[in-house]
Amino acid sequence: MPLTRVEVRPAAERSAAVAAALFAAGAEALQEAGDAIVALMPTADAAAPLVAAVRTADPAATVSTSEVPDVDWASAWRAGIRAHTVGYLTVTPPWLAEPFLPARRVVIEPAMAFGTGDHATTRGVLHLMQDVVRPGDIVADLGTGSAVLAIAAARLGASRVVAIETDPDAIGNAEANVRANDVAHIVTVLEGDAAILLPLVAPVRVVLANIVSSVIRELLPVVRRSLAAGGEAIFSGMLDVERDDMTAAFAAHGFTLTAERSEDEWWSARVRGRGEE
């Protein structure tokens, strides 16, 4: 029996809200397809609540539905997810993990939590952090999602990583991924507001934050206060068109831009406290 495909291209800052709305409306699994989020439903009637939920969560989103042939969707869904090698590290789903060295792989079970390596923002942080995280570092990952970046920090030698997430639906996936990668002795997942929790675990030498630009702006003061001397932060989730505004915001809060990456329309930045270059 044909299925109905719901494809959503959300506004940049609404991806998490759209994903949550899709799950709440009945989606059992989501797949990232470039800049789109895809859900498969058994009928057009079953897909209708998803479309309505997206329009409520993100009126600017582009939503389309289409009939797709009846195939083995469990196999097809897996076939659409691939491993991503970024420098020293490879982010991979469990069923593709075997060829990669355990010390250099980050195994992520695709679920609701953001962060499978498919998105340019995740890859941007993975690129930049490999020149930042050093053996023995204490690292905080804000908006950890699947914990992909927290686990990557552990792979790069961090001695302690605190992974902070506000979304209760992401916590279970993050904790499961931490256990699956055998880094539970290094990575601690905390549920709550980063503005409250980050100062409690400070000082940290590295802060990672793959979140939207508006939240990054709000967190800049607390990030600056929470960094140890010589500490650095890597921010992603920002659009290329926001570069000048965000660079000015960094400077206003005592940061200097030291490295950056762009992929597709997304911009990632490495910053250091001014006077600590």
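The values are calculated or read from the model by the stated rules, or taken from the named source; none is laboratory data. No experiment lies behind these values; they were computed from the predicted model shown. Glycine gets a Cβ as well: all are built from the backbone with ideal geometry, and neighbour counts include every protein chain shown.
Pairs please, first residue from segment 157-169 and within 25 Å of P135 (Cβ to Cβ) and assigned by TED's automatic domain parsing to the domain that holds L219, second anywhere and hydroxyl-bearing (S, T, Y) and surrounded by fewer than 24 Cβ atoms within 10 Å (Cβ to Cβ), Cβ atoms under 7 Å, 6+ apart in sequence or on different chains. Hits for this filter: V162/T188; A163/T188. Looking at segment 14-24, can you tell me whether even one residue there is within 27 Å of W266 (Cβ to Cβ), basic (K, R), out of contact with any helix residue (DSSP H, G or I) (no Cβ under 8 Å at 6 or more places or on another chain) and not assigned by TED's automatic domain parsing to the domain that holds D169? Among the residues of segment 14-24, not one is within 27 Å of W266 (Cβ to Cβ), basic (K, R), out of contact with any helix residue (DSSP H, G or I) (no Cβ under 8 Å at 6 or more places or on another chain) and not assigned by TED's automatic domain parsing to the domain that holds D169, which makes the answer no. Note on segment 162-204: residues that are of a type in the set (A, V, I, L, M) and part of a helix (DSSP H, G or I) amount to 13.
Matching residues to (1) modelled with pLDDT of 85 or more; (2) part of a helix (DSSP H, G or I); (3) not charged (D, E, K, R):
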{"site": "T4", "(1), (2), (3)": "yes, no, yes"}
{"site": "A29", "(1), (2), (3)": "no, no, yes"}
{"site": "A46", "(1), (2), (3)": "yes, yes, yes"}
{"site": "V63", "(1), (2), (3)": "yes, no, yes"}
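Only residues that are acidic (D, E) and within 16 Å of I164 (Cβ to Cβ) were counted in segment 186-243, giving 3. Can you find even one residue in segment 218-234 that is under 24 Å from R9 (Cβ atoms) and either in a helix (DSSP H, G or I) or modelled with pLDDT of 95 or more (or both)? No, that holds for no residue. When we screen P199, P203, P221 for residues that are surrounded by fewer than 18 Cβ atoms within 10 Å (Cβ to Cβ), closer than 23 Å to T258 by Cβ and in contact with a helix residue (DSSP H, G or I) (Cβ under 8 Å, 6 or more places away or on another chain), the only hit is P203. Using the structure shown, decide if S236 is hydroxyl-bearing (S, T, Y), surrounded by 19 or more Cβ atoms within 10 Å (Cβ to Cβ), under 24 Å from R123 (Cα atoms) and in contact (Cβ under 8 Å) with a residue 24 or more places away in the chain. When the stated conditions are applied, S236 passes them.
Number of residues in segment 240-256 that are part of a loop (DSSP other than H, G, I, E, B) and at negative phi equals 1. Scan L208, L190 and give me the residue that is crowded, with 24+ Cβ neighbours inside 10 Å, touching an Asp or Glu at 6+ places or on another chain (Cβ under 8 Å) and of a type in the set (A, V, I, L, M, F, W, C). One residue alone meets the criteria, L208. For segment 10-33, give me each residue that is surrounded by fewer than 16 Cβ atoms within 10 Å (Cβ to Cβ), touching a strand residue (DSSP E or B) at 6+ places or on another chain (Cβ under 9 Å) and in contact (Cβ under 8 Å) with a residue 12 or more places away in the chain. Scanning segment 10-33 gives G26, A29, A33. On the given criteria, is A170 of a type in the set (G, A, S) and within 17 Å of I234 (Cβ to Cβ)? Taking the combined requirement at face value, the residue does not satisfy it. Criterion applied to S213, S226 was being under 20 Å from H127 (Cα atoms), crowded, with 18+ Cβ neighbours inside 10 Å, in contact (Cβ under 8 Å) with a residue 40 or more places away in the chain and among the polar types (S, T, N, Q), and the one residue passing it is S213. Among the residues in segment 142-154, are any surrounded by fewer than 19 Cβ atoms within 10 Å (Cβ to Cβ), in contact (Cβ under 8 Å) with a residue 12 or more places away in the chain and either among the hydroxyl-bearing types (S, T, Y) or assigned to a loop (DSSP other than H, G, I, E, B) (or both)? The answer is no, given that none of the residues of segment 142-154 is surrounded by fewer than 19 Cβ atoms within 10 Å (Cβ to Cβ), in contact (Cβ under 8 Å) with a residue 12 or more places away in the chain and either among the hydroxyl-bearing types (S, T, Y) or assigned to a loop (DSSP other than H, G, I, E, B) (or both).
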